[in-house]
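Take a look at the structure below.
All of the numbers you see were taken from the coordinates with simple rules; none came from a lab. Here the structure is a predicted model, which means the values were calculated and not measured. Backbone-built Cβ (ideal geometry, glycine too); neighbour counts: all protein chains shown.
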Amino acid sequence: MRDGNKICFPDKNIYIMDNHKWAFYIWELAREKSIINPNATLIHVDAHLDDCPFVLQDNPEYLEIEELSSLKRFTENHITYDTFIWPAFGRGTIDNIIYVSDFSSEPFEDWATNYVKGRTYTGLRVRTMSKLQEIIENGLVESFVNDKSLILNLDLDFFNEENFHGRNPRLKPDEEVYNSLTYLKNVYNWDLITVAISPECCGGEEPAQHLLDIFIDVFEIDIAKLISWDIV
């Protein structure tokens with residue numbers, strides 16, 4: 001996956017990237033700047049779980065890194081588009097995770113719960129936006145969000161069918177995309193929002209831009225306030 005877009009809207013604490021791996025760095029940056037507190041709750045809305053933990057075994061030094069510049073290099077050299085969640089969990093930047101994804105596997109299998117010594121990997125998993133709304137309305141999410149910093153982590157490929165990444169994507173209808181994004185925007189007062197454009201998984205540049213345009217519209221983003229976070 002490419003690394004072209006690295007932009008943010010600091011007035012809304014929204015960070016946008018092509019490659020989802022950079023979410024790890026942005027969460028660490030936000031923690032350093034006190035945008036979020038440690039042990040934040042992550043709501044991960046994505047076509048994929050991105051829950052591969054093996055980067056921890058291969059790079060145990062991830063726990064000891066302190067300087068942002070070193071964290072940025074670590075992200076560049078070692079984190080991939082599907083391994084960024086676990087090191088943030090291991091460092092205590094995020095804690096509980098709510099997955100919204102129709103991907104085939106399950107994130108909270110027995111082997112995973114105690115993968116990081118001294119910490120328990122817990123959260124919830126639903127497959128659709130309607131199920132997310134249902135568990136929120138039924139109070140099942142309250143214990144995960146009360147008194148916690150809240151991160152929305154969105155991959156726009158959530159709005160494309162999994163097996164149609166090529167030239168003929170099957171995007172969800174615009175009305176459904178608008179409704180889903182409107183719900184996400186309003187359901188919580190997010191402390192931080194990270195968004196992956198992932199054009200390779202949205203069917204190319206044009207459909208990815210279309211989804212991004214809808215996101216910008218729903219979240220009422222002023223493009224004039226765009227800056228690059230790559231210089232941070």
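When peptides 192-200, 112-120, 87-95, 47-55 are ranked by their average number of other Cβ atoms within 10 Å per residue, the highest-first order is 192-200, 87-95, 47-55, 112-120. Taken over the range 69-116, the alpha-carbon convex hull comes to 101 cubic angstrom per residue.
Under a model in which nothing but the beta-carbon of Lys, Arg (+1) and Asp, Glu (-1) is charged, the chain shows a dipole of about 360 debye around its Cα centre.
Using all pairs of distinct alpha-carbon atoms, the Kirkwood hydrodynamic radius of the chain works out to 17.8 angstrom.
I'd like the antiparallel share, as a percent to the nearest 5, of DSSP beta bridges with both residues in the range 1-139. Walk me through the intermediate numbers first.
On the way: 4 of 13 bridges.
So the antiparallel bridges amount to about 30 percent of the total.
How much length would be gained if the chain were fully extended between Glu76 and Glu109, taking 0.36 nm per residue of separation minus their Cα-Cα distance, in nm to one decimal? Before the final figure, lay out the partial values.
On the way: separation 33, 0.36 × 33 = 11.88 nm, distance 2.86 nm.
Length difference between fully extended and current span is 9.0 nm.
Centre-to-centre separation between the Cα atoms of the range 128-152 and those of the range 10-60: 18 Å. Mean separation of Cα pairs under 8 Å and 6 or more residues apart, divided by the residue count, gives the range 144-218 a relative contact order of 45 percent. When both bridge partners sit in the chain, DSSP labels roughly 25% of those beta bridges antiparallel.
Note on the range 70-190: along the principal axes its Cα atoms extend 43, 38, 28 Å, ordered by decreasing extent. Across the range 41-185, the relative contact order, built from alpha-carbon pairs under 8 Å that are at least six residues apart, equals 33 percent.
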